[in-house]
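The values are calculated or read from the model by the stated rules, or taken from the named source; none is laboratory data. Every value quoted in this text rests on a predicted model; they were computed, and no experiment measured them. Positions of Cβ are generated from backbone atoms using ideal geometry, with glycine treated the same way; all protein chains shown enter the neighbour counts. Heads up: the accessible areas ignore ligands, DNA and RNA and are worked out on the full protein's heavy atoms, side chains in. Shrake-Rupley method; radii C 1.70, N 1.55, O 1.52, S 1.80 Å.
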Amino acid sequence: MPAGNIEKMKYAFAYGADACYLGLVDYSLRTMRKGELITRENLKSAIDEARALNKKAYLTLNIFAYDEDIKSLEETLDIIKDANPHAIILSDFGVYNLVKHNLPSVDIHISTQTNILNTEAVKFWRDMGASRVILARELSLKQIEAIKKAVPDIEVEIFVHGSQCMSYSGRCLLSDYMTKGERKANHGGCAQPCRWSYKLLEETRPGEYYEIVQDERGSHILSPKDLCLVRYIKDLTNAGVDSFKVEGRTKSLYYVSAVTKVYRAVMDGKADSKEAFEELKKVGNRGFTEGFFMGNNDSSSYSYEISKGLAGADFLCIFLDKNENRFKVVIKNKMLLNDEFEIITPDFKTSAKVVSITNDKGGKTDVANTNDEVWMELACDTGWQSQWQWALGRTMGIKNASET
């Protein structure tokens, strides 16, 4: 699972992730802005925390590096060595060379950015000493199965869920051009121009704009739907895939937790794929697609109407403290007295009703607004309370959910 910051890493592990991937800002393809970011100063403590939980933490060094990046990385190698990640995810040959020579005991995972599409490429990286390859998203189930069968002595990882780029496995220069080099996609600064709305201008008719699709907002012609392969976990397991990966280091804590919970339940045989797919509609998505997985990727895999993911359930609150049947929560979306909502924890899901709200001054109120910290008395079952410290609140049911 993705760990955009330390808090998300903790929740991902609590909800069932076996491993998280995290990145230092200078060498990662996602530039994080919120939460306790992964830095040179706390990298070791984050990885130590994963190790203490018998989990794994993979460090992403998967930018396409210039000489100045290589020099900076050289100066950071001692910090990385001391932090001792379980593996380093990389794509650049120069970065590979540095890591291989300076951190010989650390496993190397080859990023999907290298566009691994064939058996010979997998053999190449195996022979170079990599312990795992993360295959390109553009492969079908049959192709994945054939690769694993042909090269069984290296681990294979694939993306099973999350946002997709209008590019070959993330190799995109559109942001670089559209922002005049200010937001470099392969240096963690992607402005996501594939999600922008476009109109057509004919050069002999300046100022006359034409809709590409009959939509007053233009058309999101480059914006793929989100990948979702939860219904094929058994097929992928049978094909020999060693690791399932989810995109989303810039996604919310709720997204990371809820998606982890669903995939963990399916992998452990505690939820069927149909039930799991419905649950995933409750997290942000642009509609779901199987992409190239079934070998028939077409125009139905693109989101022509929306560019921002819509969640079928609103993220309402994070639980912070407990006093008998009263809970301190931080509000993520407004909650009202007598609201009925859903609580999820790593092992439970239950409904609850807001019986009372007490603000930070000790006064009773009928409303809790975004970012407020309040105490709530709830009417609900008690089984989930053994995991209250990982509990999250969301609205009931599914709204605005897109079909595949």
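Quick rundown of the values:
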item	result
Centroid-to-centroid separation of segment 364-390 and segment 310-347 [C-alpha atoms, Å]	5
Distance violations [Cα-Cα > 31 Å] among Lys281/Lys361; Lys245/Lys270; Lys142/Lys199	Lys281/Lys361; Lys142/Lys199
Whether segment 310-350 is rounded, prolate or oblate, judged on the alpha carbon gyration tensor where a/c under 1.5 counts as rounded	oblate
Candidate aspartates and glutamates for bridging to Lys44, where Cα separation is under 20 Å - those fewer than 8 sequence places away on the same chain excluded	Glu7, Asp18, Asp26, Glu36, Glu74, Glu75, Asp78, Asp82, Asp107
Restraint check, Lys100/Lys184; Lys8/Lys81; Lys225/Lys282; Lys234/Lys274, Cα-Cα greater than 19 Å	Lys100/Lys184; Lys8/Lys81
q = 0.10, 0.12, 0.13, 0.16 Å⁻¹, segment 1-141: log10 I(q)/I(0) [Debye, one scatterer per Cα]	-0.32, -0.47, -0.55, -0.84
Mean Cβ count within 10 Å, highest first, over the residues of peptides 81-89, 19-27, 329-337, 146-154	19-27, 81-89, 329-337, 146-154
Residue (of Met9, Val256, Thr365) at the positive-pole extreme of the chain, dipole from beta-carbon charges	Thr365
Sum of -39500 (n - 2.57) over DSSP H runs of 4+, divided by residues of the chain (222 nm, nearest 500)	-7000 deg cm²/dmol
C-alpha long axis of helix 43-52 to longest principal axis of the chain, angle in °	70
Per residue accessible area of the chain, 1.4 Å probe, in Å²	47
